[in-house]
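K.L.:
Encoded as structure tokens, here's the structure I'll be asking about.
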Amino acid sequence: MKRKSLSEKTIFAKHLVATVSVTLVMFTLGLVGIIVVGTNGVTDMLKARTGFTIIMADEADTREIAAVNQALSADNGVRQFSFRSAEQNMLQWNKENDEDVIEILGVNPFPPDFTVRVNPDWSSPDQLAAMSRKYSALAGVSEIALSTKAISNLHRHISTLNLVLTAVAIGLLLISFVLINNTVRLTVYSRRFLIHTMKLVGATGSFIRGPFIRSGILSGLTAGIVASGLLTALIYVAHSQRPAISQCIPWTALLWLLPAVILLAVIICSLASILATNRYLRMDYDDLF
């Protein structure tokens, strides 16, 4: 009885170590997922600030300004826009520079303009250039202020960053599978003689694999839930310390990430249990030593 109790404690300790190892691996993988979510959030914020300025001609009348306003309101690519008259632009300049431009120049040099912000899906340089050409053709429009070089650099950096993060995520996923597979294999290794004994009494492969697969599912489920809990606590602390982070990593973006961590842990542990059990099912008795 004492030997049996000691054996059960040993098996429990090995399962505990395996579960803790899987938890740490899934936490690391989930952390990378959070970084990807945060990067996409920052990217969307930057894209949301992308746009251009429609500078109206000094002689543009109210009818031409209203036509541009109507065109912007009906444009699906425009997220928001604002209009400032020549007087508003002059007052803004006076406030920022603490000077009166009328006293300096004698006239108001600022034209009326529209500040336009586009939807993230319309923030590519080609789409912005097409929109600029469309509005530059409208009556009363003097020019379109658009920094194509800055926008091109932004999209190039975003594409490079997404490519790097994707490569890191794939690499960590492969490493996670290898680590978890080795961990599960060690737990199955300690029971390899039990597997051989069950084969000798006529147990089928599926019957032998069943307990190991259920154990793997339980370990993966436990590890996934604990890792998700740790990730949730981490995000909660981050939101509390830096409220701006909630804009980049909202809770709604984690509704798919945390269940994905749990599901991935269950799948990897189950698959590792199947592979490890099959390995010892194919071994002869002499190969077990």
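K.L.:
Which one of the conditions (1) open to solvent by 50 Å² or more (accessible area, probe 1.4 Å); (2) in a helix (DSSP H, G or I) does G224 fail to meet, given that it meets all the rest?
P.N.:
The number of the failed condition is (1).
K.L.:
While we're on this one: Consider only pairs whose beta carbons are under 6 Å apart and that are at least six residues apart or on different chains; among these, list those whose first residue lies in the range 26-49 and is assigned to a helix (DSSP H, G or I) and whose second residue is open to solvent by 60 Å² or more (accessible area, probe 1.4 Å).
P.N.:
Cβ pairs passing all conditions: F27/L230.
K.L.:
Further question on the same structure: Which residues, counting only those in the range 74-87, are more than 13 Å from T115 (Cα to Cα) and not aliphatic (A, V, I, L, M)?
P.N.:
D75, N76, G77, E87
K.L.:
Sticking with this structure for a sec: Out of curiosity, is S132 among the hydroxyl-bearing types (S, T, Y), at pLDDT 90 or above and either in contact with a strand residue (DSSP E or B) (Cβ under 7 Å, 6 or more places away or on another chain) or under 30 Å from G41 (Cα atoms) (or both)? Break it down into steps so the answer makes sense when it comes.
P.N.:
Details: among the hydroxyl-bearing types (S, T, Y): yes; at pLDDT 90 or above: no; either in contact with a strand residue (DSSP E or B) (Cβ under 7 Å, 6 or more places away or on another chain) or under 30 Å from G41 (Cα atoms) (or both): yes.
Answer is no for this residue.
K.L.:
For the range 250-276, enumerate the residues that are modelled with pLDDT of 80 or more, more than 30 Å from M45 (Cα to Cα) and either open to solvent by less than 40 Å² (accessible area, probe 1.4 Å) or among the acidic types (D, E) (or both).
P.N.:
A265, V266, I268, C269, S270, A272, S273
K.L.:
Looking for whichever is in contact (Cβ under 8 Å) with a residue 24 or more places away in the chain and under 18 Å from A60 (Cα atoms) here; the options are L146, L128, L138. Which one fits?
P.N.:
Details: L146 fails: under 18 Å from A60 (Cα atoms); L128 fails: under 18 Å from A60 (Cα atoms).
Just a single option satisfies the conditions, and that option is L138.
K.L.:
If you scan the range 165-190, which residues turn out to be among the hydroxyl-bearing types (S, T, Y) and over 22 Å from I274 (Cβ atoms)? Write out each step before concluding.
P.N.:
Pass one, the range 165-190, residues among the hydroxyl-bearing types (S, T, Y): 166, 176, 183, 187, 189-190.
Scanning the range 165-190 gives a single hit, T166.
K.L.:
While we're looking at this one, here's another question. Return the pair list, or none, for Cβ contacts closer than 7 Å from residues in the range 78-94 that are touching a residue at least 12 places away in the same chain (Cβ under 8 Å) to residues that are among the hydrophobic types (A, V, I, L, M, F, W, C) and in a helix (DSSP H, G or I), at least 6 apart or on different chains.
P.N.:
If the second residue must be among the hydrophobic types (A, V, I, L, M, F, W, C) and in a helix (DSSP H, G or I), the pairs left are V78/L72; R79/A48; F81/L72; M90/V101; W93/V101.
K.L.:
Considering V141, V118, which residue is buried (at least 16 other Cβ atoms within 10 Å of the Cβ) and over 30 Å from V42 (Cβ atoms)? Break it down into steps so the answer makes sense when it comes.
P.N.:
Numbers: V118 fails: over 30 Å from V42 (Cβ atoms).
Checking each option against the conditions leaves just V141.
K.L.:
Moving on. Based on this model, can you work out whether L218 counts as assigned to a helix (DSSP H, G or I), in contact with a His (Cβ under 9 Å, 6 or more places away or on another chain) and at pLDDT 85 or above?
P.N.:
In short, yes.
K.L.:
Let me ask something else. Of the residues in the range 82-105, how many are open to solvent by 50 Å² or more (accessible area, probe 1.4 Å) and either closer than 18 Å to I144 by Cα or small (G, A, S) (or both)? So that I can check it myself, show each step before the final result.
P.N.:
Step one: filter the range 82-105 for residues open to solvent by 50 Å² or more (accessible area, probe 1.4 Å), giving 82-84, 87-88, 91-93, 95-100, 102-105.
Next, only the ones that are either closer than 18 Å to I144 by Cα or small (G, A, S) (or both) stay: 82-84.
Qualifying residue count, the range 82-105: 3.
K.L.:
Of the residues that sit in the range 227-244 and are open to solvent by 50 Å² or more (accessible area, probe 1.4 Å) and among the aliphatic types (A, V, I, L, M), which one is modelled with the lowest pLDDT?
P.N.:
This residue is A244.
K.L.:
Turning to a different aspect of this structure: Considering V178, V168, V188, which residue is open to solvent by 70 Å² or more (accessible area, probe 1.4 Å), closer than 30 Å to V261 by Cβ, in a helix (DSSP H, G or I) and among the β-branched types (V, I, T)?
P.N.:
V178
K.L.:
Quick one: would you say R214 is of a type in the set (D, E, K, R) and surrounded by fewer than 16 Cβ atoms within 10 Å (Cβ to Cβ)?
P.N.:
Details: of a type in the set (D, E, K, R): yes; surrounded by fewer than 16 Cβ atoms within 10 Å (Cβ to Cβ): yes.
Spelling it out, R214 is indeed of a type in the set (D, E, K, R) and surrounded by fewer than 16 Cβ atoms within 10 Å (Cβ to Cβ).
K.L.:
Against the condition among the polar types (S, T, N, Q), in contact (Cβ under 8 Å) with a residue 24 or more places away in the chain and part of a helix (DSSP H, G or I), how does S206 come out, does it pass?
P.N.:
Working: among the polar types (S, T, N, Q): yes; in contact (Cβ under 8 Å) with a residue 24 or more places away in the chain: no; part of a helix (DSSP H, G or I): yes.
Here the answer is no, as S206 does not meet what is asked.
The values are calculated or read from the model by the stated rules, or taken from the named source; none is laboratory data. Bear in mind that the values here come from a model prediction, so they are computed numbers and not experimental data. Cβ: placed from backbone, ideal geometry, glycine included. Neighbour counts: every protein chain shown. SASA here: full protein model, heavy atoms, side chains in, ligands and nucleic acids out. Shrake-Rupley method; radii C 1.70, N 1.55, O 1.52, S 1.80 Å.
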